[in-house]
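Notes follow the structure.
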Amino acid sequence: MDIFEATQALLTDAAPGANVTRIDLTYDEATETFLLPDYPAVTWLYGNLVPQVSHSGPTGLNTVLLDVEIWGSLEDCAKYVDLLTKAICGRRVRVGNVIFTVNIFESRDIVDLGLDCKHWFMRFSGMVGVYEVEGRSEEGRDGKE
């Protein structure tokens, strides 16, 4: 599993009932608006993904800025902000062979006057480790295997 598949799985599990997708907004010239996913939705994109390398080669670690946006009613936004924060912030979360260790760096309400829904932005900062063998322990460092 690569980092993108693992991120999709992580956010899908953390936001049940939401349309979770990597953001790929397209612009509709006829209506002069961006086409948004069906609400409630959680979209995500890596704003920064930097592989870490040592003198002996790739480490499997990446420093990341993970941008997550929530689209929907005010209640949906509040619900998914809470669920995402509890599920992944400040925790060591394993999805297959990928380990996430991220914290909230920024969280704010976005004012979009042309939208018929609320829009909430969250940015997570931290490290994501991608290891070759699914289920491999990091030589016991996580204390679970």
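The values are calculated or read from the model by the stated rules, or taken from the named source; none is laboratory data. Quantities reported herein were computed from a predicted structural model and do not represent experimental measurements. Don't worry about glycine lacking a Cβ; one is built from the backbone with ideal geometry, like all the others, and counts go over all protein chains shown. When the accessible area is computed, the model is the full protein with side chains, heavy atoms only, and any ligands, DNA or RNA have been set aside. Shrake-Rupley method; radii C 1.70, N 1.55, O 1.52, S 1.80 Å.
In table form, for the structure just shown:
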| quantity | calculated |
| --- | --- |
| Test result for Glu69, of a type in the set (Asp, Glu), in a strand (DSSP E or B) and surrounded by 12 or more Cβ atoms within 10 Å (Cβ to Cβ) | yes |
| Qualifying positions in the stretch 42-70 - modelled with pLDDT of 95 or more and of a type in the set (A, V, I, L, M, F, W, C) | Val42, Trp44, Leu45, Leu49, Val50, Leu61, Val64, Leu65, Leu66, Val68, Ile70 |
| Of residues in the stretch 31-45 being touching a residue at least 24 places away in the same chain (Cβ under 8 Å) and either farther than 15 Å from Cys77 by Cα or open to solvent by 70 Å² or more (accessible area, probe 1.4 Å) (or both), the one farthest from the chain's Cα centre (by Cα) | Thr33 |
| Condition met for Gly60 (on the phi > 0 side of the Ramachandran plot, touching a strand residue (DSSP E or B) at 6+ places or on another chain (Cβ under 9 Å) and surrounded by fewer than 19 Cβ atoms within 10 Å (Cβ to Cβ)) | yes |
| Residue in the stretch 22-30 that is under 16 Å from Val130 (Cα atoms), assigned to a strand (DSSP E or B) and over 16 Å from the mean Cα position of the chain (by Cα) present | no |
